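Below: the structure, in structure tokens.
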Amino acid sequence: MTFESGTGSKSRRIRRCCVIVCAIMVVVISVIIVTLFLTVFRARDPKVSIHAVDLDKFDLFQPNVTSVPLAMVITITNPNYGTFYYKNSTGYLNYHEMMIAEASIDPGSVPARSTVNVSATAGVMSEKLMGHEKFFEDLALGGLNFTATATLPGKVVALLHIIKVKATVDIWCDVSFNITTLPITVASSCKTKITV
């Protein structure tokens with residue numbers, strides 16, 4: 001009987017050691033995962049810029065035209081370690097806080113730590129724009145300043161598609177058209193905010 005009781009206490013010690021080692025491993029892995037989420041996988045705001053294209057075809061003063069297409073390329077840089085998938089969205093172009101254009105943004109994705117160009121076309125309501133009291137004054141000064149806004153709802157996917165988190169990116173841009181030079185030049189300055 002002493003032989004059996006010695007084996008039983010030895011197997012209990014082995015089980016206790018296994019449980020302690022497993023508990024330590026769970027704690028270590030938990031600490032590593034929490035550290036990764038607070039450092040490497042922390043959501044960082046993307047960088048965005050807007051570039052108008054084909055400005056030589058952009059003519060606000062066409063007779064009998066109420067909407068003039070303005071082609072744009074939106075450059076999005078994703079500094080995160082997860083791919084951002086976004087849904088259909090709409091961007092707005094404002095002139096002195098008056099909405100003068102909408103642009104549909106098709107669904108897409110921005111891979112982790114990369115840059116993507118997204119094409120969009122805004123239909124500028126020329127009559128509404130030219131009807132604003134500041135339009136001809138700004139035109140005489142040689143520049144038109146706009147504010148562009150968009151909200152991109154979607155999700156961030158990381159770690160081999162294991163981690164999926166809902167996220168929304170809000171974009172605010174100041175867009176300036178310098179019409180004193182030919183070709184017309186456009187400058188933009190954007191701020192973004194990702195909400196997870």
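A few points about this structure:
- Qualifying residue in the stretch 38-50 (condition: over 22 Å from residue 139 (Cβ atoms), out of contact with any Cys (no Cβ under 9 Å at 6 or more places or on another chain) and part of a helix (DSSP H, G or I)): yes
- Check on residue 91, of a type outside the set (Ser, Thr, Tyr), buried (at least 17 other Cβ atoms within 10 Å of the Cβ) and at pLDDT below 90: no
- Some residue of the stretch 35-51 being at pLDDT 90 or above, of a type in the set (Val, Ile, Thr) and under 25 Å from the mean Cα position of the chain (by Cα): yes
- Residues located in the stretch 135-158, provided they are farther than 30 Å from residue 113 by Cα, hydrophobic (A, V, I, L, M, F, W, C) and not in a helix (DSSP H, G or I): 144
- Hits in the stretch 136-154 (condition: within 16 Å of residue 44 (Cα to Cα) and either free of Cβ contacts under 8 Å to residues at least 40 places away in the same chain or crowded, with 18+ Cβ neighbours inside 10 Å (or both)): 152, 154
- The stretch 62-113, subset among the acidic types (Asp, Glu) and in a loop (DSSP other than H, G, I, E, B), residue nearest to the chain's Cα centre (by Cα): 106
- For the stretch 62-77, the candidate set comprises residues that are touching a residue at least 24 places away in the same chain (Cβ under 8 Å) and farther than 17 Å from residue 173 by Cβ; within that set, the residue that is surrounded by the most Cβ atoms within 10 Å (Cβ to Cβ) is 68.
- Looking at 161, 132, just one residue is part of a loop (DSSP other than H, G, I, E, B) and either within 14 Å of the chain's Cα centre (by Cα) or in contact (Cβ under 8 Å) with a residue 24 or more places away in the chain (or both), and that residue is 132.
- When 63, 46 are screened for being within 19 Å of residue 117 (Cα to Cα) and of a type outside the set (D, E, K, R), only 46 passes.
- Of all residues making up the stretch 156-177, the number that are touching a strand residue (DSSP E or B) at 6+ places or on another chain (Cβ under 7 Å) and either buried (at least 18 other Cβ atoms within 10 Å of the Cβ) or within 21 Å of residue 103 (Cβ to Cβ) (or both): 13
The values are calculated or read from the model by the stated rules, or taken from the named source; none is laboratory data. Nothing here was measured: the structure is a model prediction, and the numbers come from that model. Cβ coordinates were reconstructed from backbone atoms using ideal geometry, including for glycine residues, and neighbour counts include every protein chain displayed.
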